[in-house]
Amino acid sequence: MLKIAIIDYEAGNIRNVYNALLNSGVTPIVSDDRKDLLTSDAIVLPGVGAAKDTMQHLKNKKLIEPINEFVNSGKPFLGICMGLQALFDYSFEGGGKQDCLGIIHGNVNKFDNSLVVPHMGWNTINIVKESPLLNGITDNDYFYFVHSFYPDPIDKSVILATTKYGKEFASIVEYKNIFATQFHPEKSGNIGLKIYENFINIVKNNK
Amino acid sequence: MLTKRIIACFDVKNGRVVKGISFKDLVDAGNPVELAEKYCNEGADEIVFLDITASTENRSSVYDLISTTADKINVPLTVGGGVRSADDIYKMLRSGADKVSINTAAIKNKNLIQISASKFGSQCTVVAIDAKKNDFGWEVFSHGGNHPTGLDAINWAEEAVRSGAGELLITSMDADGKQSGYDNELLSAIKKRVNVPIIASGGGGKPEHLLDTITKTDVDALLLASILHFDTFTIIQIKNFLKQNGVNIRI
């Protein structure tokens with residue numbers, strides 16, 4: 001049986017991520033316990049809210065070190081929304097320069113002031129690279145976004161798909177064993193659940 | 001390309017969906033969980049669940065109903081009503097809400113918007129404004145449309161956004177429940193002054209009303225209630241109509 005852990009760090013939408021995994025065939029655990037996380041076959045880092053708070057919660061709960069250790073183990077890791085942004089070097093959310101996990105190199109920048117922000121609602125993706133995460137998903141499928149900042153990886157080869165809001169930004173990334181989406185697949189109808197099903201298959205194949 | 005959102009809205013009283021005209025004469029419109037699931041399957045882009053009696057009766061919102069609803073749907077769920085504190089917001093988010101709508105509590109305590117935005121993020125902090133036309137513009141009403149506040153709706157919208165609101169839900173009390181079209185004048189006036197998404201609410205009675213408001217005001221989302229609850233039109237019919245008329249819509 002697969003053990004998939006959702007990292008519990010006071011992020012709001014854990015229940016919905018839990019339900020999405022459940023509906024995709026795996027009963028996940030929700031935990032902030034180092035041992036639980038490190039013995040899991042995969043980890044999901046959900047997230048809503050601000051980068052500064054997210055990093056503070058991860059720090060307070062002493063989760064940064066186990067996340068790094070898990071990522072280095074090569075086991076599959078899925079970041080969602082703020083869980084994607086937290087993987088980068090820095091975020092400019094909140095005015096200052098916020099240190100993030102620094103696992104994927106690049107910054108998280110604010111959308112242009114001429115746009116309505118947050119970027120909120122259903123938008124399409126443009127797939128630029130094949131991946132098992134995208135099985136059954138095509139260009140122009142709609143996903144639910146809600147964010148004011150966007151990731152800008154230095155190494156563009158980590159980008160699986162882009163989305164246009166003012167400019168094209170990276171909406172799905174894959175780096176080694178790490179997968180991350182800027183949108184919320186758990187809020188993106190049936191097509192969103194496909195992302196979770198695909199991730200679960202990646203975990204199965206990795207075991 | 002980002003689509004215009006078509007949102008199914010529930011006003012809830014004692015666990016049942018209700019709909020009234022101009023916030024009065026409430027009639028039963030069904031089971032909220034069943035309706036949420038139905039509209040989600042029919043293509044609603046979001047579900048909004050407003051516990052409209054919460055402020056009046058001074059009771060906290062029903063977390064069970066939020067979680068039961070959230071478990072059945074896989075599109076975003078916004079809930080409002082009975083929000084007094086950051087702790088209420090946290091419990092609603094934890095129950096499965098994606099966004100929390102604050103109305104009366106934000107008027108009473110403006111800091112609540114700021115606290116919610118900094119603790120949970122602007123993206124889940126919705127400020128709902130119930131506005132009624134007067135000789136000078138539009139006045140904000142609190143407590144489910146029962147109390148005039150003396151606040152100017154446009155100024156209040158700007159202040160809410162400055163405080164950290166990530167979205168505004170604007171209900172025209174004059175148009176609400178009458179199904180004769182949204183209040184484009186009010187929506188345009190607010191849309192021009194703020195940079196966050198605006199949800200138009202009150203007055204949507206047929207697909208042409210939505211098209212008219214999208215064309216004239218460029219709002220980001222439109223709320224539907226009575227038109228859906230009494231099966232006048234389905235979400236699919238409305239979305240198809242908008243798409244055929246060149247609006248970017250998720251089908």
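The values are calculated or read from the model by the stated rules, or taken from the named source; none is laboratory data. On a predicted model such as this, the values are computed, not experimentally measured, just so you know. No Cβ is skipped: glycine too gets one built from the backbone with ideal geometry, and neighbour counts run over all protein chains shown. Accessible surface is based on the protein model in full, side chains and every heavy atom, while ligands, DNA and RNA are left aside. Shrake-Rupley method; radii C 1.70, N 1.55, O 1.52, S 1.80 Å.
Worth a mention:
- Checking each residue in segment B:123-155 for being in contact with a His (Cβ under 7 Å, 6 or more places away or on another chain) and part of a strand (DSSP E or B) picks out only B:Phe141.
- Candidates A:Lys194, A:Lys167, A:Lys176 - the one that is farther than 24 Å from A:Val117 by Cβ, open to solvent by 10 Å² or more (accessible area, probe 1.4 Å), within 14 Å of chain B (Cβ to nearest Cβ) and out of contact with any Leu (no Cβ under 7 Å at 6 or more places or on another chain): A:Lys194
- Criterion (touching a residue at least 12 places away in the same chain (Cβ under 8 Å) and either touching a helix residue (DSSP H, G or I) at 6+ places or on another chain (Cβ under 6 Å) or within 14 Å of chain A (Cβ to nearest Cβ) (or both)) met by exactly one of B:Ser201, B:Ser188, B:Ser180: B:Ser188
- Count - residues of segment A:117-151 that are loosely packed, with under 15 Cβ neighbours inside 10 Å and assigned to a strand (DSSP E or B): 1
- Listing of helices (runs of 4 or more DSSP H) fully contained in segment A:1-103 that carry 1 or more residues being under 23 Å from A:Pro185 (Cβ atoms), without any contact (Cβ under 8 Å) to a residue 40 or more places away in the chain and more than 11 Å from chain B (Cβ to nearest Cβ): A:34-38, A:64-73
- A:Phe70 meets each of the listed conditions (1) in contact with an Asp or Glu (Cβ under 7 Å, 6 or more places away or on another chain); (2) open to solvent by less than 40 Å² (accessible area, probe 1.4 Å) apart from (1).
- Taken over segment B:105-117, residues that are open to solvent by 10 Å² or more (accessible area, probe 1.4 Å), farther than 18 Å from A:Asn13 by Cβ and either of a type in the set (S, T, N, Q) or part of a helix (DSSP H, G or I) (or both) amount to 7.
- Verdict on B:Val219 being more than 15 Å from the chain's Cα centre (by Cα), crowded, with 16+ Cβ neighbours inside 10 Å and among the β-branched types (Val, Ile, Thr): no
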